[in-house]
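Q: Sharing a structure, written as structure tokens. Questions coming.
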Amino acid sequence: MSVSDKMYFSDVLYIAISEIAYYRYLLPESFFDDALFEDVEVHRIMKGKSVESDTLLEVLSGACDALAKGVLKTLTFGLSVHPDDVCFIREIYAFQFEPSGGDRGGQDKGGRDTGRALLFRLSVLLQEME
């Protein structure tokens, strides 16, 4: 995966986690900023709103750094019913990152289409589950 691929998919990961947090009411609506990403309307967690939101952003930043270094292969994001007992998982989301296997020379339209499609499907799925 090229540097531009890693940066692009770091953005996709950040937005995907933000969308999950938004549609699952993990944070108040005022903690999110509306934006367009690849022609898809998305919600992005804003920094400085609370200790909880900043902690989530710090963990996500670490995951994006690991993705950029090529050491992150899978990220699992789970929602539990009881924060102190992870045995009661309500939902779990897994994101897998694989090298692009060919010498395409960096970011291609297919990668962007994949990111856009992921965000669109995730947004629709989360809205349907409400």
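The values are calculated or read from the model by the stated rules, or taken from the named source; none is laboratory data. Keep in mind that what you see is a predicted model, and the values were worked out from it rather than measured. A quick note on method: Cβ atoms are made from the backbone with ideal geometry, for glycine too, and the neighbour counts reach across all protein chains shown. In case anyone asks, the SASA skips ligands and DNA or RNA and just uses the protein heavy atoms, side chains included. Shrake-Rupley method; radii C 1.70, N 1.55, O 1.52, S 1.80 Å.
Q: How much solvent-accessible surface does ASP11 expose, in Å² to the nearest 10, with a 1.4 Å probe and all protein chains in place?
A: Rounded to the nearest 10, that gives 70 Å².
Q: Say each of GLU52 and PHE88 gets a label point 7 Å from the Cα, pointing the same way as Cα to Cβ; how far apart are those two points in nm?
A: Here the modelled spin labels are 1.5 nm apart.
Q: With an 8 Å Cα cut-off and a minimum separation of 6 or more residues, compute the relative contact order for the range 1-62 in percent.
A: Computed over the range 1-62, the figure is 24 percent.
Q: Separate question: Cβ neighbours within 10 Å, averaged per peptide: list 17-28, 71-82, 55-66 in order, most packed at the top.
A: 17-28, 55-66, 71-82
Q: Now a separate question. Could you check how much of the accessible area of the range 11-61 is carbon and sulfur, as a whole percent, using a 1.4 Å probe?
A: About 50 percent, which is the carbon plus sulfur part of the accessible surface.
Q: Pop a pseudo-label 7 angstrom from the Cα along the beta-carbon direction at both MET7 and LYS73 and give the gap in nm to one decimal.
A: Going by the 7 Å Cα→Cβ label model, 2.7 nm.
Q: If you stretched the chain out fully between ASP39 and GLN96, how much longer would it get, using 0.36 nm times the residue separation minus the C-alpha to C-alpha distance?
A: That works out to 18.2 nm of additional length.
Q: Pull out the extension gain between VAL81 and LEU26, defined as 0.36 nm times the separation in residues minus the alpha carbon to alpha carbon distance; nm, one decimal.
A: Value of the extension gain: 18.6 nm.
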